[in-house]
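Everything on this sheet refers to the single structure shown next.
Nothing in this text is a laboratory measurement; each read-out follows from the coordinates by a stated rule. Please read these numbers as outputs of a predicted model, since none were measured by experiment. For neighbour counting, all protein chains shown are included, and Cβ atoms are generated from backbone atoms with ideal geometry for every residue, glycine included.
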Amino acid sequence: MDYKVIENRYVGEDMYYIKIAGDFDAKMGQFFMLRAWDNYPLLSRPISIYNIEEDGISFLYKVVGEGTKILSKLDKDDDINLQGPYGNGYEKVKGRVALVGGGVGIAPLYMVAQNIENCDCYLGFREEEIMIEDFEKVCKNVYTTVGDKFITDIINPKDYDYILTCGPTPMMKKIVDMTKGTDTKIQVSLENRMACGLGACLVCTCKTKSGNKKTCKDGPVFWGEDVIL
Ligand code: FES
């Protein structure tokens, strides 16, 4: 379905924030397929939801190829096609909760932060901090790292009952490894490459202890103890 862009701005680290007008409903950690072109590139782009507000939905996306480059050129009132929401998002949890995001992996965690009270948030960046003012409004504590220092250097995962994470696979794998043999439970959101986004093409297959799964349909969020990173 076609919608109108409300705003689309560069926020740093090759990432843009886009807000689209409409009445949307989705669960935290789900994604939409975005498209603002006719034939080329062939595929729509799967983008995690950043936030849903009364007047629209927003996304954070990184420019990585032709599709996201076209998205980055959109202006207010331009048309954009959204399909979704798709996928299985994060399960709501209670207790001592940490959200851990790296790079564009911070995107789905803002909606999570608004739905889980008193969570701590750990955000890792390559060159500069972005969007942290939003997280500071809704999290108990926000910790950040930039450059050579990594989020996994400053978090003690055992301090938490649950960790909800999204970001580079090595970061998520390290967090899962750091909590092995403890009671801390982890939900990871995979950023596997996708094509159809609907469970039809198998491009996004990931491995779990119970066999191969489709990241787009069975995930993108999986329990850390099940998924093989
Ligand atoms: Fe096609 Fe997941 S992207 S099956």
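Ordering Val142, Cys206, Val11 by Cα displacement along the dipole of the chain toward the positive end leaves Cys206 in first place; charges were set at the Cβ atoms of Lys, Arg (+1) and Asp, Glu (-1).
Sparse packing (at most 15 other Cβ atoms within 10 Å of the Cβ) combined with a DSSP loop state is found for the following GluC sites (Glu not before Pro) in segment 28-110: Glu54, Glu91. With contacts taken as Cα pairs under 8 Å at a separation of at least 6 residues, segment 2-86 carries a relative contact order of 41 percent. Among the listed pairs Lys149/Lys185; Lys137/Lys209; Lys149/Lys180; Lys69/Lys92; Lys4/Lys27, those whose Cα-Cα separation exceeds 31 Å are Lys137/Lys209; Lys69/Lys92. The alpha-carbon of Lys76 sits under 13 angstrom from the alpha-carbons of these aspartates and glutamates, leaving out residues fewer than 8 places away in its chain: Glu7. Of Val63, Tyr90, Ile80, whose Cα points farthest to the positive end of the dipole of segment 57-98 (charges on the beta-carbon: +1 Lys, Arg; -1 Asp, Glu; origin at the Cα centre)? Projecting each Cα onto the dipole axis, the largest value belongs to Tyr90. Let me make sure I get this right: for segment 70-229, a, b and c are the square roots of the gyration tensor eigenvalues over alpha carbons, sorted descending. Under 1.5 in a/c it's rounded, otherwise prolate if a/b > b/c, else oblate. Which is it? Oblate, since a/c reaches 1.5 and b/c is not below a/b.
Label segment 97-189 by shape, choosing from rounded, prolate and oblate, from the square roots a ≥ b ≥ c of the eigenvalues of the Cα gyration tensor; if a/c is under 1.5 it is rounded, and otherwise prolate applies when a/b is larger than b/c, oblate when it is not. Write out the running numbers ahead of the final one.
Working: a/c = 1.69, a/b = 1.15, b/c = 1.47.
In terms of gyration-tensor shape, oblate.
Rounded is the label for segment 2-86, because a/c, from the alpha-carbon gyration tensor with a ≥ b ≥ c as root eigenvalues, stays below 1.5.
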